[in-house]
Amino acid sequence: NAGVTQTPKFRVLKTGQSMTLLCAQDMNHEYMYWYRQDPGMGLRLIHYSVGEGTTAKGEVPDGYNVSRLKKQNFLLGLESAAPSQTSVYFCASLSDSNTGELFFGEGSRLTVL
Amino acid sequence: AQSVTQLDSQVPVFEEAPVELRCNYSSSVSVYLFWYVQYPNQGLQLLLKYLSGSTLVKGINGFEAEFNKSQTSFHLRKPSVHISDTAEYFCAVSVTGFQKLVFGTGTRLLVSP
């Protein structure tokens, strides 16, 4: 059981380049999330989705776009990367049952030069 | 809006000693509370949660937490820590069901021999 899988795990970009992070979950979960983790700031919610075809803004959405075309996949895009987007990105999913447990991927470390 | 404060960014402790990691939250309505643990180079995983009922909650790996509504706290405790407990611990709160969790900034627990 793979759970939540993120690709790529590491990436180095130059300022202005674009890229997409892919999150895939095999648990048939309705809700999916993208967080960024920065030292001393904990996890901050970028965007989330409450079901296939839906997306919503989180705490820090600027500079990012997302899509949820299939229930199992949640894509995070950076159209024009900036050094401030250097971070570790985590995808998570949540079932629609009353457990409250988020399942996290292992993270994607992005460096923007 | 709800918020979470973890006052200690780092807690050093010797092996087999007791430890308490502090978490305070602010919310004017009922909350759900969580502790997640992040081992080095991994995603987060659920340690324990408070949804309702008994204010003393037991989790995995011998950890427990007590919900104190009057002090708006949800401190995490373990009576005797192991080297393997070295990790970062995040407190999180949700008021709108489980769809959106707000995380604290994390506490790094460093257990030495």
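Of the residues in segment A:69-113, those shielded by at least 20 Å² of accessible area once partner protein chains are present, compared with the chain alone at a 1.4 Å probe, are A:F90, A:L94, A:N98, A:T99, A:G100, A:E101, A:L102, A:F104, A:E106. Toward the positive end of the charge dipole of chain A, with +1 on the Cβ of Lys and Arg and -1 on the Cβ of Asp and Glu, the farthest Cα among A:Q85, A:F103, A:T54 is that of A:Q85. Which of the lysines could a cross-linker bridge to A:K14, judged by Cα under 28 Å and excluding same-chain residues fewer than eight apart? By straight Cα distance, A:K14 reaches A:K57.
Considering only protein heavy atoms and a 1.4 Å probe, what is the carbon-and-sulfur percentage of the accessible area of segment B:8-60? Each step should come with its number before you reach the end.
Working: 1430 of 2820 Å².
Result for segment B:8-60: 51 percent of the exposed heavy-atom area is carbon or sulfur.
Between A and B, buried accessible area from a 1.4 angstrom probe totals roughly 1600 Å², ignoring ligands, DNA and RNA.
With an 8 Å Cα cut-off and a minimum separation of 6 or more residues, compute the relative contact order for chain B in percent. Walk me through the intermediate numbers first.
Values: 277 pairs, mean separation 42.7, N = 113.
Relative contact order here is 38 percent.
Over all other residues within a Cβ to Cβ distance under 14 Å of B:V11, the charged ones net out to -1, with Lys and Arg as +1 and Asp and Glu as -1.
Classify the protein assembly as shown as rounded, prolate or oblate from the Cα gyration tensor: take a ≥ b ≥ c as the square roots of its eigenvalues, call it rounded if a/c is under 1.5, otherwise prolate when a/b beats b/c and oblate if not. Please list the in-between numbers first.
Values: a/c = 1.88, a/b = 1.45, b/c = 1.29.
Since a/c reaches 1.5 and a/b is larger than b/c, the shape of the protein assembly as shown is classed as prolate.
For chain A, the carbon plus sulfur part of the accessible surface works out to 51%, probe radius 1.4 Å.
Which whole-number percent is the relative contact order of segment A:1-78 (Cα, under 8 Å, 6+ apart)?
28 percent
Using the structure shown, select from B:K58/B:K100; B:K49/B:K78; A:K71/B:K100; A:K70/B:K49; A:K9/B:K78 the pairs with a Cα to Cα distance greater than 25 angstrom.
Numbers: B:K58/B:K100 23 Å; B:K49/B:K78 15 Å; A:K71/B:K100 18 Å; A:K70/B:K49 30 Å; A:K9/B:K78 33 Å.
Table pairs above 25 Å Cα-Cα are A:K70/B:K49; A:K9/B:K78.
For the options A:N73, A:N28, A:N65, a Gaussian network treatment of chain A with springs between C-alpha atoms closer than 10 Å singles out A:N28 as fluctuating the most.
Rolling a 1.4 Å probe over the protein heavy atoms gives the protein assembly as shown an accessible area of 48 Å² per residue.
The values are calculated or read from the model by the stated rules, or taken from the named source; none is laboratory data. All figures in this text were calculated on a predicted structure; none of them were measured in a lab. Positions of Cβ are backbone-derived with ideal geometry, glycine not excepted, and every protein chain shown enters the neighbour counts. Ligands, DNA and RNA are stripped out before the accessible areas are found, and what is left, the full protein with its side chains, is counted by its heavy atoms. Shrake-Rupley method; radii C 1.70, N 1.55, O 1.52, S 1.80 Å.
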